[in-house]
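Quick one: the structure is below, questions incoming.
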């Protein structure tokens, strides 16, 4: 893993994805002095359970929730691409739009969703998640580092090529890195609570998340990682892309 990280970019399909998967880790990065930017691909318009709220209002609600959740983790730069929730596909336009953000932010590290279906956690493998992950990794390699890819970004917007050196995958079936986020657990729950349209109806959201993180700790221990008995862990697959 690289250690000289000053900027990180997170790309996810929906508002709330990063907070379920990595809010504790994001909070730890910010605490370590890393500038973090969020890029959310869809408008979140297909989310929520309240039938009394007009669908046309949901995207605005979810943007507001994500901005509040990001603030809880110390992130103030949140960008929305505005693609339709539930209809995300890997397209040239989506790749270009992610490349634009990569070249603007110039991150050392990116955190994205796994483009591979996780049969052990099917809920983490929403089609939008898979599409966001695949489009993001294609944007990272080869697109963003190739000055001749998406030429309008260079010719019309002055955005030159940029190489992302490391990628962290959320919800990957084969993690190889575990982060003890026990010290940031309250921050993670505060971020998740900010997504009231998605989490307020859950009977035991904290219990569910805590169980996930205990399982993450168990997997880490099985791979030789020494952790306290009550550790809360977020798991990732870390890949060198430099």
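Step by step: first the residues of region 134-170, then only those that are in contact (Cβ under 8 Å) with a residue 40 or more places away in the chain, under 14 Å from the mean Cα position of the chain (by Cα) and part of a helix (DSSP H, G or I), then the one that is surrounded by the fewest Cβ atoms within 10 Å (Cβ to Cβ). Which residue is that?
The qualifying residue surrounded by the fewest Cβ atoms within 10 Å (Cβ to Cβ) is 134.
I would also like to ask the following. Report yes if residue 60 is more than 14 Å from the chain's Cα centre (by Cα) and part of a loop (DSSP other than H, G, I, E, B), otherwise no.
Against the criterion (more than 14 Å from the chain's Cα centre (by Cα) and part of a loop (DSSP other than H, G, I, E, B)), residue 60 does not qualify.
Let me ask another. May I ask you to list pairs of residues, at least six apart or on different chains, whose Cβ atoms are under 6 Å apart, with the first in region 73-95 being touching a residue at least 24 places away in the same chain (Cβ under 8 Å) and on the phi < 0 side of the Ramachandran plot and the second being assigned to a loop (DSSP other than H, G, I, E, B) and surrounded by fewer than 20 Cβ atoms within 10 Å (Cβ to Cβ)?
85/46
Further question: For region 178-219, enumerate the residues that are touching a strand residue (DSSP E or B) at 6+ places or on another chain (Cβ under 9 Å), farther than 21 Å from residue 123 by Cα and surrounded by fewer than 18 Cβ atoms within 10 Å (Cβ to Cβ).
182
Given the conditions (1) touching a helix residue (DSSP H, G or I) at 6+ places or on another chain (Cβ under 9 Å); (2) buried (at least 19 other Cβ atoms within 10 Å of the Cβ), report the number of the one that residue 59 does not fulfil.
(1)
Matching residues to (1) in contact with a strand residue (DSSP E or B) (Cβ under 7 Å, 6 or more places away or on another chain); (2) at pLDDT below 95:
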site: 123; (1), (2): no, yes
site: 140; (1), (2): yes, no
site: 150; (1), (2): no, no
site: 155; (1), (2): no, no
site: 172; (1), (2): yes, no
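Of all residues in region 1-28, count the ones that are touching a strand residue (DSSP E or B) at 6+ places or on another chain (Cβ under 6 Å), closer than 20 Å to residue 197 by Cβ and part of a loop (DSSP other than H, G, I, E, B).
3
Quick check on this structure: which one of 173, 231, 217 is more than 23 Å from residue 71 (Cβ to Cβ), in a helix (DSSP H, G or I) and either within 19 Å of the chain's Cα centre (by Cα) or touching a residue at least 12 places away in the same chain (Cβ under 8 Å) (or both)?
Answer to the check: 217.
The values are calculated or read from the model by the stated rules, or taken from the named source; none is laboratory data. Please read these numbers as outputs of a predicted model, since none were measured by experiment. We place every Cβ from the backbone using ideal geometry, glycine too, and count neighbours over all the protein chains shown.
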